[in-house]
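The values are calculated or read from the model by the stated rules, or taken from the named source; none is laboratory data. Just so we're clear, the structure is a prediction, and the values are computed from it rather than from any experiment. We place every Cβ from the backbone using ideal geometry, glycine too, and count neighbours over all the protein chains shown. Note: areas computed on protein heavy atoms with side chains; ligands, DNA, RNA excluded. Shrake-Rupley method; radii C 1.70, N 1.55, O 1.52, S 1.80 Å.
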Amino acid sequence: MDSDDIPALSSDTLAALQSFLAEKQELDDRFEKLKENAEEVFQNNQKINMSDFQEDWQLSQFWYDDATAEFIARRALEHTSKDDCIAFISSPTAYVAFRNMAPERKNAYVFEYDQRFDLFKDQYVLYDFNKPLDFARAKEMKGKFKFIVADPPFLNKDCLSQTMETVRWIASKDVKIMIDTGAVMEGLAKELIGARITGFHPAHRGGLSNEFRCYSTFEDKSLQWV
């Protein structure tokens, strides 16, 4: 092909592309700085900002807004004691909010496919919903968790079903469960785990076209079934 036949980007398109690449580089640099200083951050109980983690849309990552993350984290904090185990499955935004609220709580774990979150070391569990019982310390964690938050990354039956297999494996007898997923999953959430739809509407920083809802196996003064 002659070089004259190759379409050139318009100045507006080129400027937009350059802006996108510059923003991506800035976010990458911020994460690398966080990773380098993680030990100091954790030792000093400094707060972590989810804006240091760039969303990866290929992994279906859409971070909660601050109000949503803090609401979920508050439920976990209020319904557990300091020695109880808490799981945030495919819900790193809520995990980070919880960690910022209660950095002394070392029994809160983030189950996540994205290995950037391994900077949380012992509190990180590499997790793939396609292999719901194939994760480190699975036998050790069986039946140990008093509070579980799950946000399956994809809106389909297999993803929710396999995530709930993990939930059932690690859940204690008196577990409290929150599931944040699409409104279309209401019937399946109830069938699989007995979770009922609540009046809480999770919101995301960038907004989503799919209607998102919260399902739970419990109620409290701030989280009510509808």
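Write out, first by first residue and then by second, each pair whose Cβ atoms fall under 8 Å of each other, whose residues are 6+ apart or on separate chains, and whose first residue, in segment 54-68, is closer than 13 Å to ARG116 by Cα while the second is of a type in the set (A, V, I, L, M, F, W, C).
GLN54/LEU27; GLN54/PHE31; GLU55/PHE62; GLU55/TRP63
What number of residues in segment 188-205 are open to solvent by 70 Å² or more (accessible area, probe 1.4 Å) and farther than 18 Å from ILE72 by Cβ?
So the answer is 2.
Please go through segment 36-50 and pick out each residue that is touching a helix residue (DSSP H, G or I) at 6+ places or on another chain (Cβ under 6 Å) and either of a type in the set (Val, Ile, Thr) or modelled with pLDDT of 95 or more (or both).
ILE48
Could you please let me know if MET164 is more than 22 Å from GLN115 (Cβ to Cβ), in a helix (DSSP H, G or I) and under 17 Å from the mean Cα position of the chain (by Cα)?
Against the criterion (more than 22 Å from GLN115 (Cβ to Cβ), in a helix (DSSP H, G or I) and under 17 Å from the mean Cα position of the chain (by Cα)), MET164 qualifies.
What's the number of the condition LEU59 fails, among (1) open to solvent by less than 60 Å² (accessible area, probe 1.4 Å); (2) closer than 23 Å to ARG205 by Cβ; (3) touching a strand residue (DSSP E or B) at 6+ places or on another chain (Cβ under 9 Å)?
All conditions are met except number (3).
Among the residues of segment 105-141, how many are among the polar types (S, T, N, Q), loosely packed, with under 14 Cβ neighbours inside 10 Å and at pLDDT 95 or above?
Matching residues across segment 105-141 total 1.
For residues that are open to solvent by 60 Å² or more (accessible area, probe 1.4 Å), farther than 30 Å from ASP83 by Cβ and free of Cβ contacts under 8 Å to residues at least 40 places away in the same chain, tally how many sit in segment 142-187.
Residues flagged as open to solvent by 60 Å² or more (accessible area, probe 1.4 Å), farther than 30 Å from ASP83 by Cβ and free of Cβ contacts under 8 Å to residues at least 40 places away in the same chain within segment 142-187 amount to 5.
Could you list, in sequence order, the residues of segment 167-195 that are in a strand (DSSP E or B) and closer than 20 Å to ALA136 by Cα?
Within segment 167-195, ALA171, SER172 meet the criteria.
Can you find even one residue in segment 51-68 that is in contact with a Ser or Thr (Cβ under 7 Å, 6 or more places away or on another chain), modelled with pLDDT of 95 or more and in a helix (DSSP H, G or I)?
no
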